[in-house]
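Structure first, then comments.
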Amino acid sequence: MQRVAIASQNTAKFTERSKLSVFELACDPCISILKETKIPRQMIDGVLLAGCSTQQQYGSNIISEMLGLRPKLSHRIESLCNSGTNAVAAGYSYIKSGLCECVLIVGAEDSATPGRRLDWDISRGAFTSPVFWAAMFAKSHMRRYGTTEEQLARVCVNNRRKAKKNPNSLFSTGVTVRDVMDSKKVVEPLKLLDCSRICSGASAVLLVSENKAKKFAEIPVWIKGIGQHSIGASFSEASKTTISAAKTAASIAYRRSGLKPNDVDIAELHDAFTILEILAYEDLGFVKKGKGGEFLDQREKSINTRGGILGCGHPIGATGIAQLVEIATQLAGQAGKRQAKGCKTGLVHNLAAAGTSATVLIVDTDQNG
Amino acid sequence: MDDFFSYLKKGKFRIPACIQCRRTVWPPSKFCSLCLSGVRSSRAGQKGVVIDYTCSHIARSKVTIGLVELHGVRLLGSIVGKPVKRGAKVKLTSCGVTPEGGVFYNFKVIKQTM
């Protein structure tokens, strides 16, 4: 059966807010792709738009018109914070099934997005903001495994440092452990710098069939495996120390790709809050349960080289795509100052709504990065 | 779901349960997600247990918030009284719907008898 590749990718600069419409935001990385790729525009037969904005009705058709595209399949995809990777799963499926050959997938979000809250989940009472459930995960993990606030802080320090080399990130300055520890307490143990910032931004990938990749893509990055799982829409796991949807999604992706955690050279992890990156190390099998804090000292795997969500900002629907763009860029050896050495296999880990949904993508190249 | 919310608006917390299989239906819905039968909200004790808790600094003054379990349902609510710890027994003292349509639950630690 034919493989599916990422032929081209681009992320536009993330900003605190934008005067542009969501459609103009979306077109920015798409225009970069269309100018760069050898694939002629009439060959693009799928357009998928990921995002949570209520302004985006019929959005994929609108941006197709703005970009001079006439796709066969075109629609929006929304799943809060993992809208982006959901759109990739859909695009991949359309190509695998033969419905499309070249799918342009763009995630775009304005910082005023309603995706910041999930009104359905009334189990959260008055405590609707995601920081509340993230704090409960952190509290449980600290109590059970002795993870410290300093270890949480180091996640932010690491990702802000990496974001300095990323011209598209929201943040361009680093922070120290002291800065994080002294930042305003939000919900204990999380402080302001333990939390990511919702922002405006867009990111896009062009997925193509193997035939088209061989003809038109200079360095195709192949999608090896996709796993996803969801456990409902209401906050229910907070006293536990595992995001079970992530663990299940990872095991599906590993099985489908025929790979193991040890095979992963580079990963973009969903660090919307510092604790989530520590949980990701464990849920993805990079380290034993409870040892997530110690994994911060490892050097084998490159983690969140673009700066993660903490460094780049969180334009909700665009995040999953931006994570994939970074991995594809790294595997293709095109990451410039951020280039990690010896990357052949990459992983994207993208969560939504208190970890009730998780997507894991595994990609690789035929060459060493 | 209307059933549950009409009680909640009056400050009463009723447990939605399936009329067929009797299981608690949460979040509240007009039909049971397990057997797809109808749902009725009925009276239940207002006592629960603290699963975990922390301190929120978002509002003007600090608030202890906790994940409380009652009748198999887990809610995030504020907790007053002492001592707040995992396993502490609490009572739902007030709940309701705000003018903006938000929902709130307030708990108080129940004094343990020696």
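Ratio of Rg to Rh for the range A:218-262: 1.13 [Cα atoms; Kirkwood radius as inverse mean 1/r over pairs]. Across the options A:48, A:111, A:319, the greatest Cα extent toward the positive end of the charge dipole of chain A (unit charges at beta carbon of Lys, Arg, Asp, Glu) belongs to A:319.
Rounded to the nearest 20, the size of the Cβ-charge dipole of the range A:212-338 about its Cα centre is 480 debye, with Lys and Arg at +1 and Asp and Glu at -1. Under a model in which nothing but the beta-carbon of Lys, Arg (+1) and Asp, Glu (-1) is charged, the range A:189-270 shows a dipole of about 200 debye around its Cα centre. Dividing the mean sequence gap of close Cα pairs (under 8 Å, 6+ apart) by how many residues chain B holds gives a relative contact order of 21 percent.
About the Cα centre of the range B:6-80, what is the dipole size in debye to 20, counting +1 per Lys and Arg Cβ and -1 per Asp and Glu Cβ, all else neutral? My answer is approximately 400 debye.
Report summary: the helix-based calculation at 222 nm, which adds -39500 (n - 2.57) for every DSSP H run with n ≥ 4 and divides by the residues of the protein assembly as shown, gives -8500 deg cm²/dmol.
Of the residues B:6, A:140, the one with the fewest other Cβ atoms within 10 Å heads the list, and the complete ranking is B:6, A:140. Look at A:229, A:75 and count the other Cβ atoms within 10 Å of each Cβ; fewest to most, that gives A:75, A:229.
For chain A, the longest principal axis of the alpha carbon atoms and the long axis of helix A:149-163 meet at an angle near 30°.
Cα centroid separation, the range A:224-291 to the range B:11-83: 28 Å. Taking only alpha carbon atoms, the range A:224-299 gives an Rg to Rh ratio of 0.96, where Rh is the Kirkwood radius.
Give the shape of the range B:1-93 as rounded, prolate or oblate, defined through the alpha-carbon gyration tensor: a ≥ b ≥ c are the square roots of its eigenvalues, a/c under 1.5 means rounded, and otherwise the shape is prolate if a/b is larger than b/c and oblate if not. Here the range B:1-93 falls in the prolate category. Taking only the alpha carbons of the protein assembly as shown, we obtain Rg and Dmax values of 23.0, 79 Å in that order.
For chain A, relative contact order (Cα pairs under 8 Å, six or more residues apart, normalised by length) works out to 26 percent. Among A:128, A:15, A:329, the largest mean-square fluctuation in a Gaussian network model of chain A (Cα springs under 10 Å) belongs to A:128.
The value of relative contact order for the range A:291-353, using C-alpha pairs under 8 Å at least six residues apart, is 30 percent.
Panel order for A:283, A:263, by other beta carbons found within 10 Å of each beta carbon, from fewest to most: A:263, A:283. Loop sites by DSSP among the chymotrypsin sites (Phe, Trp or Tyr not before Pro) of chain A, restricted to those with at most 15 other Cβ atoms within 10 angstrom, leave A:121-369 as the longest stretch without any of them.
Read-outs: derived from the displayed coordinates by stated rules, not from any lab. Only a predicted model underlies this, so the values are computations on that prediction, with no experimental measurement involved. FYI the Cβ positions are ideal-geometry reconstructions off the backbone, even for glycines, and counts take in every protein chain you see.
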